[in-house]
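Undergrad: Mind looking over this structure? Questions follow.
The values are calculated or read from the model by the stated rules, or taken from the named source; none is laboratory data. Here the structure is a predicted model, which means the values were calculated and not measured. We place every Cβ from the backbone using ideal geometry, glycine too, and count neighbours over all the protein chains shown.
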Amino acid sequence: MAAELSIPPGRVAGVDEAGRGPLAGPVIAAAVILDPLRPIAGLRDSKCLSAARRERLYDEIVAGALAWAVGRAEAAEIDRVNILQATLLAMQRAVNALQPCAEHVLVDGNRCPELACPVQAIVKGDSRVAAISAASIIAKVSRDREMIELDTRYPGYGLAQHKGYPSKAHIQALEALGPTPQHRRSYAPVRRIAGRG
């Protein structure tokens, strides 16, 4: 899957996030160290997979990886430090929670969190490196499950359907109901609607 890349030896963690764009909910990052003796077939960028396929692969990754962990930053933290810094914090938290720890980290994208071990950013890494693909699946499934749970706490916004992204239905619900504590007030549509109060 990553023939064109030189993957370092040892325990290499792939890292990716889900939830930079939504108006509500946390940004969630995952770190995964795959077991080279237990390859998982079908790993791809989570955005290229159906929800059902992501769920199946999530279970396989959790069962077969050497280590996996999730890190997060809440909406209030995103508002305080901005989404980029919150994403890097969530990635840092995910990597720091790995047991055993990573010896090298490969991150999807072009920015790296500060870590105690060597770290490398790989553009489109979620489609080029199996461990990053696995991390993208863990992050996406974890966040989707959480948004479905938040939908029960904050009915009327449709969080289970749009997962907090700025869909037309979400904006209409915000207009009618106002923002919840889970909404990111630093994001323009939420700020505009919250400012009316």
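Undergrad: Looking at 135, 76, can you tell me which residue is within 15 Å of residue 12 (Cα to Cα) and not acidic (Asp, Glu)?
TA: 135
Undergrad: Separate question: Let me confirm something: among 8, 26, 22, which residue is surrounded by fewer than 19 Cβ atoms within 10 Å (Cβ to Cβ), out of contact with any helix residue (DSSP H, G or I) (no Cβ under 6 Å at 6 or more places or on another chain) and not aliphatic (A, V, I, L, M)? Break it down into steps so the answer makes sense when it comes.
TA: Values: 26 fails: surrounded by fewer than 19 Cβ atoms within 10 Å (Cβ to Cβ); 22 fails: surrounded by fewer than 19 Cβ atoms within 10 Å (Cβ to Cβ).
8 is the lone residue from the list that is surrounded by fewer than 19 Cβ atoms within 10 Å (Cβ to Cβ), out of contact with any helix residue (DSSP H, G or I) (no Cβ under 6 Å at 6 or more places or on another chain) and not aliphatic (A, V, I, L, M).
Residues checked against (1) under 12 Å from the mean Cα position of the chain (by Cα); (2) charged (D, E, K, R):
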{"site": "7", "(1), (2)": "no, no"}
{"site": "15", "(1), (2)": "yes, no"}
{"site": "24", "(1), (2)": "no, no"}
{"site": "27", "(1), (2)": "yes, no"}
{"site": "35", "(1), (2)": "no, yes"}
{"site": "52", "(1), (2)": "no, no"}
{"site": "63", "(1), (2)": "no, no"}
{"site": "69", "(1), (2)": "yes, no"}
{"site": "84", "(1), (2)": "no, no"}
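Undergrad: Of all residues being at pLDDT 95 or above and in a loop (DSSP other than H, G, I, E, B) in region 1-33, which is farthest from residue 132 (Cα to Cα)? Just the residue, please. Steps first, please.
TA: As a first pass, look at region 1-33 and keep what is at pLDDT 95 or above: 11-33.
With the extra rule that they be in a loop (DSSP other than H, G, I, E, B), the set shrinks to 11, 19-23, 25-26.
Values: 11: 13, 19: 16, 20: 17, 21: 19, 22: 21, 23: 25, 25: 22, 26: 20 Å.
Within region 1-33, the match that is farthest from residue 132 (Cα to Cα) is 23.
Quick grid of which residues meet (1) out of contact with any strand residue (DSSP E or B) (no Cβ under 6 Å at 6 or more places or on another chain); (2) crowded, with 21+ Cβ neighbours inside 10 Å:
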| site | (1), (2) |
| --- | --- |
| 112 | no, no |
| 118 | no, no |
| 123 | yes, no |
| 133 | yes, yes |
| 149 | yes, no |
| 153 | yes, no |
| 169 | yes, no |
| 188 | yes, no |
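Undergrad: Check every one of the helices (runs of 4 or more DSSP H) wholly within region 40-132 and list those with 3 or more residues that are more than 23 Å from residue 187 (Cα to Cα) and among the charged types (D, E, K, R). If you could, list the steps in order and put the result at the bottom.
TA: On the way: elements: 51-64, 75-81, 83-96.
In region 40-132, the matching helices (runs of 4 or more DSSP H) lie at 51-64.
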